[in-house]
Amino acid sequence: MRGIIALFLILSLCLLSCSVRETTPIIEVVPEEEVVQEEPDTVEIEVVSTVPEVQIQLAETVETKEEAFVGFSVQIGAYSNYENASRCKLEAQKRLSEEIFIEIEDSYYKVRVGRYPERVYAEGIKDKIKGFFPDAFIVEKK
């Protein structure tokens with residue numbers, strides 16, 4: 001009897017393990033996400049120069065072309081760097097109506113006023129600007 005029960009259990013296990021169980025697949029319906037196009041997180045930056053426009057023009061035209069000038073000028077400053085010479089020139093332009101220019105000589109940026117054919121004209125300008133530029137002196141360009 002034990003044998004019959006054991007045989008019955010084995011057969012029932014085989015039948016149960018061989019039986020096919022059909023399951024219906026679960027289909028989950030997921031709603032489509034709305035695609036939202038976001039604005040980029042970038043900001044346009046306007047580049048603004050901190051250098052005055054006049055100074056930019058000077059940088060491009062700093063007496064690289066030697067003009068054939070013979071005569072007298074009044075020197076109001078000599079600087080080892082361009083920024084200081086340019087500041088001096090801008091300050092002089094605010095106060096004077098004469099031509100003011102920068103010449104490069106011996107590694108210095110020299111700020112000068114006027115181009116005069118005779119010394120007497122340069123002396124008149126020197127006297128006029130002495131209050132603003134007390135160390136001004138006359139130079140002769142040969």
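Applying the criterion of being of a type outside the set (G, A, S) and at pLDDT below 95 to the residues of segment 67-80, the residue that is surrounded by the most Cβ atoms within 10 Å (Cβ to Cβ) is F69.
Taking segment 98-142, which residues are assigned to a strand (DSSP E or B), within 10 Å of G71 (Cβ to Cβ) and of a type in the set (D, E, K, R)? Listed by number, the residues that qualify are R115, E140, K141.
Which count do you get for residues in segment 94-105 that are more than 18 Å from S80 (Cα to Cα) and either of a type in the set (F, W, Y) or exposed (fewer than 14 other Cβ atoms within 10 Å of the Cβ) (or both)? Selection size over segment 94-105: 4.
Being free of Cβ contacts under 8 Å to residues at least 60 places away in the same chain, under 24 Å from Y82 (Cβ atoms) and exposed (fewer than 12 other Cβ atoms within 10 Å of the Cβ) is the filter; apply it to segment 106-142 and report the residue that is nearest to the chain's Cα centre (by Cα). Step by step, filter segment 106-142, then rank; the result is S107.
The values are calculated or read from the model by the stated rules, or taken from the named source; none is laboratory data. These figures come from a predicted structure and were not determined experimentally. For neighbour counting, all protein chains shown are included, and Cβ atoms are generated from backbone atoms with ideal geometry for every residue, glycine included.
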